[in-house]
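Reviewing the structure listed below.
The values are calculated or read from the model by the stated rules, or taken from the named source; none is laboratory data. As the structure is a prediction and not an experimental result, all values here were calculated from the model. Glycine also receives a Cβ, built like all others from the backbone with ideal geometry; neighbour counts cover every protein chain displayed. Protein only, heavy atoms only, side chains kept; ligands, DNA and RNA dropped before computing areas. Shrake-Rupley method; radii C 1.70, N 1.55, O 1.52, S 1.80 Å.
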Amino acid sequence: MTAPARSVALAMLTVLAACSSAAAQGTPANRGTTTTSGGEIRGRVVDAAGQTAIHGAIVDVSDSGATAPAAITTTDANGAFRVRGLRPATYRVRIRAIGYAARRLPVIAIGALSPGVDVGTVTLTRAPIALQEISVAERRQLDVDLAPDRNTYTVRDMPNTRGGTALDVLRNVPAVDVDIDNIVSLRGNTGVIVQINGRPSPMKPAQLGTFLAQLRAEMVDKVEVVPNPSARENPEGDAGIINIVLKQSADAGTSGGLTLGGGTTGHADVGGNLGYQSEPWSLFGNYGFLRDHQSRHESLFRENTYLAPLTYLEETGARRRVPLAHSLTGSVGYQPGPHDELSLDLLFSTRRQAESYGLVYRDLNSARTLTGLSDRLTQSTGHESEGEVTLGYKHTFDGRGHKLSSELRFVRGNEGGPGSVLARDLTLAGSPADTSALETQAGWEYPDQNSLRVDYTRPLSSVVHLSAGYQGSLQRFHTTLGTQVFDTAQAVYRPDSTRISDFTYHQMVHAAYGMLDVQPGRFQMQAGVRIERATTRFQLRTTGATYDNPYTSVFPSAIVAYNFNDANQVKLSYSSRIRRPNDPDVLDPTIRYADPLNLVRGNPYLKPEYAAAFELGFQRAAGRTTLQLTPYFRHTRDAVVTFRTIDTAGVLTRTFANVGSRDAYGADATIARNGGRLSGFVSASAFRQVSNGAGLAPGLNAAGIGWTVRTNASLHASSTLDVQALVSYQAALTVEQGRNASRTRFSIAARKKLVRDRLSMTLRVIDPFNTSREKFTAADPRFNQVQERRSLIRGLVLSASWTFGRPQRRGRDDLIGNEPGAP
């Protein structure tokens, strides 16, 4: 490096150090997303050859979920640095100095169990760089953070989700699955709670799946998977928590972006975001529009063994949906002083969906000769809207780690709409016969929730921290269903009293928790307990029946972890959780038609499920690669299962009941690599699931072994081209009353960056081999049935994204050095 160039570089470094002096005292770089708390990262930087201290090295500490550095500081004359005021999260640390190759440290987790992390002595290798060879390159976002308490998957830069929805995002996450009905599961268990920005939704699984199917993937920042939460978290959901974090933070100044997309399946999406951040204010808004054509083919073959001679039923169906969805999120942050922060979060979504569903029935005799033919056409228009307002307040006291936070939340929603049915008897040749049936149906659901949460944390000593809090929530569902059948003799529609429903469900929960975190040396220990009092009332207005169920629950949790060093940890954890039967479809005893030969009936007498889970986790980090192995065991009592019965008329009824118990045990393994030309993860999961439903119904005693494997790999082909592929396989699994067939998913995408990364073009290939299907084989003493459903989602989606106002790092990375081998 020439003398004039060295002088310019030193001058630039001096300015950078001066600008970061506030951050060196722990002041967050982005006040809109970070507040002062007790976490810190410290260490010392030396020359690799001479072991001499490096003065003035720049230390970037970045929150893996944020769009700006959490803090920036420089080393002192002894090469030491200390970054204070870090909130609980996972962080990346990057250290640079003039004339040295930059170095990125393994991912660091700051939490209640590890508020302070000493990275020890960090060595930098000399690698002088000529200034005339400076190039401009934006660093790639981190894709995977594996931490002891939760795994975080950053998805905002995933090409494989561009032009998709939040459900496509979840399909890219290890151990998470989304079935053809948009029901989310974790480790094969649908009892998982899906949160939005850390807050549980009052929507039930079917409603939530519909909402996530209309939420554009570009609005999602990251996904957090917490399979074994502590007593601090809401215990709802016996399989754990999946937290979808939406983009809510603004860069310094004014920034924003626009996305347009279209696909061969009729897909079209438009989105935009705008943010403004200037102390003490932070404002952010995000809007998305989505339109799509969703088609599905269905088939069913049933062998009716209760008849002699036996008969057969064949059903073929075609379903088509065209949703039009609008989503809007917004956030306002205000810091009146260094110790206080006020926030307002808004979420609103609305959807209109036209749907048609055609079915053809074929009755066959024992020789499989056609004896009867009929069809049924259902057309409906669905409407859905949800609004959510959350007010938050946080206060930090003078003592490090001493803070108080509170949150008041209001949620209102509705879903439903009118529909019509035309059912006809056909001749064996397929022409309409003289008889037909007409009916109309309208069903609505109105979920709402009010909740208050208060959390308090205080250090009792340098190694002991106390946490306590209260959470109260009031949930209410009001559901109506009306069916009218056309009277051909009078030429009028008349109500069908067997298919009219009007009920409400109220649930009031008061909860208090207390936790102690102790960190003596390399050990980390946590013990907590949560006590809840729940009062529920299910009232069926059409009959006047009322079902009350008050109960008290205690949920203990515990963690013991040992850190061999900064890169290796072993952990044993225990938690207890609950799954409340508060889904209207599960509780309502009114008969609902999938079609006249397939009915659904709820069970208002269902009891809550209780689950106890143990996990033994091991994590090892080496450079850019992290390995995580997690054996687990989960015991569930009073587990709710679905079972099927059939009558002599060939009508199958699906209902719900509590079985004696269900056990699941297995192990997850994930290898993640971040940065470099090749990044992503490979994950595998194997488990055994055993259900004990003796005496309830045939086939409810079940034992099956399941396993899944998934890889999501990104190739940084050049400074402007990324290629990403997702491949997943889920093996067949024996479940209650049958067996689920195996499933395979595959998609690939490529993104090209243009105009200095302000513009990007992404091409996504969805399901190129047309493998999106589900198959279930049911076995019962009275019938055998094979049901298959196939989604026609194969196609291409092209999207373009443009950003503005976001600060870009130009030359500084190359001036001070890049990591060895980094593109």
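Summary of computed values
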item: Residue within the range 675-688 that is open to solvent by 20 Å² or more (accessible area, probe 1.4 Å), touching a Lys or Arg at 6+ places or on another chain (Cβ under 8 Å) and either within 30 Å of Glu315 (Cβ to Cβ) or outside any strand (DSSP E or B) (or both) present; result: yes
item: Within the range 639-686, tally of residues that are acidic (Asp, Glu) and under 30 Å from Ala750 (Cα atoms); result: 1
item: Unique residue being of a type outside the set (A, V, I, L, M) and either outside any strand (DSSP E or B) or within 30 Å of Thr311 (Cβ to Cβ) (or both) when the list is Gly372, Gly387; result: Gly372
item: Some residue of the range 448-456 being of a type in the set (Val, Ile, Thr), touching a Gly at 6+ places or on another chain (Cβ under 6 Å) and surrounded by 15 or more Cβ atoms within 10 Å (Cβ to Cβ); result: yes
item: Breaking point among (1) open to solvent by 30 Å² or more (accessible area, probe 1.4 Å); (2) at pLDDT 90 or above, for Val755; result: (2)
item: Only one of Val220, Val225 that is more than 24 Å from Pro323 (Cα to Cα) and in contact (Cβ under 8 Å) with a residue 40 or more places away in the chain; result: Val225
item: Residue in the range 576-614 that is farthest from Phe633 (Cα to Cα), counting only those that are surrounded by fewer than 20 Cβ atoms within 10 Å (Cβ to Cβ) and among the acidic types (Asp, Glu); result: Asp595
item: Single condition Tyr665 does not satisfy, out of (1) in a strand (DSSP E or B); (2) open to solvent by less than 20 Å² (accessible area, probe 1.4 Å); result: (2)
item: Neighbours by Cβ (under 7 Å, 6+ apart or cross-chain): first from the range 231-249, more than 23 Å from Met219 (Cβ to Cβ); second aromatic (Phe, Trp, Tyr) and surrounded by 21 or more Cβ atoms within 10 Å (Cβ to Cβ); result: Ala231/Tyr513; Ala231/Phe555; Arg232/Tyr513; Pro235/Phe555
item: Condition check for Gln294: modelled with pLDDT under 90 and more than 30 Å from Arg368 (Cβ to Cβ); result: yes
item: Condition broken by Arg320, with the remaining ones in (1) under 30 Å from Ser406 (Cα atoms); (2) touching a Phe, Trp or Tyr at 6+ places or on another chain (Cβ under 9 Å) satisfied; result: (1)
item: Residues satisfying the stated conditions in the range 172-199, i.e. surrounded by 21 or more Cβ atoms within 10 Å (Cβ to Cβ) and of a type outside the set (Val, Ile, Thr); result: Asn172, Pro174, Ala175, Asp177, Leu186, Arg187, Gly188, Asn189, Gly191
item: Selected residue (only one of Gly271, Gly288, Gly262, Gly266 is at negative phi and open to solvent by 10 Å² or more (accessible area, probe 1.4 Å)); result: Gly262
item: So Pro820, is it assigned to a loop (DSSP other than H, G, I, E, B), more than 30 Å from Arg644 (Cα to Cα) and at pLDDT 90 or above; result: no
item: Strands (runs of 3 or more DSSP E) (entirely within the range 719-814) containing at least 2 residues that are touching a Pro at 6+ places or on another chain (Cβ under 8 Å); result: 721-730, 743-754, 759-766
item: Pair list, Cβ under 9 Å, 6 or more apart: the range 181-203 residue under 22 Å from Tyr446 (Cβ atoms), other residue surrounded by fewer than 18 Cβ atoms within 10 Å (Cβ to Cβ) and basic (Lys, Arg); result: Pro202/Arg476
item: Strands (runs of 3 or more DSSP E) wholly inside the range 490-562 that include at least 2 residues being modelled with pLDDT under 90 and either among the polar types (S, T, N, Q) or surrounded by 13 or more Cβ atoms within 10 Å (Cβ to Cβ) (or both); result: 501-518, 523-540
item: In the range 229-243, residue nearest to Asp583 (Cα to Cα) [restricted to those that are outside any strand (DSSP E or B) and open to solvent by less than 20 Å² (accessible area, probe 1.4 Å)]; result: Gly237
item: Residues of the range 382-408 satisfying the condition of being surrounded by 18 or more Cβ atoms within 10 Å (Cβ to Cβ) and under 30 Å from Glu355 (Cβ atoms); result: Gly382, Glu384, Glu386, Glu388
item: Which listed residue is of a type outside the set (A, V, I, L, M) and open to solvent by 50 Å² or more (accessible area, probe 1.4 Å), from Phe804, Phe776, Phe783; result: Phe804
item: Pairs, first farther than 20 Å from Thr480 by Cβ and part of a strand (DSSP E or B) in the range 406-425, second open to solvent by less than 40 Å² (accessible area, probe 1.4 Å) and β-branched (Val, Ile, Thr), C-beta under 7 Å, six or more apart; result: Glu407/Thr390; Arg409/Thr390
item: Cβ-Cβ under 6 Å pairs, at least 6 apart or on other chains, the range 561-585 side over 17 Å from Tyr610 (Cβ atoms), far side open to solvent by 60 Å² or more (accessible area, probe 1.4 Å) and assigned to a loop (DSSP other than H, G, I, E, B); result: Tyr562/Arg522; Asn563/Arg522
item: Members of the range 633-655 that are open to solvent by less than 20 Å² (accessible area, probe 1.4 Å) and not in a loop (DSSP other than H, G, I, E, B); result: Arg634, Thr636, Val641, Ile646, Leu652
item: Pick from the range 297-314, criterion of a type in the set (S, T, N, Q) and open to solvent by 30 Å² or more (accessible area, probe 1.4 Å), ranking: modelled with the highest pLDDT; result: Ser299
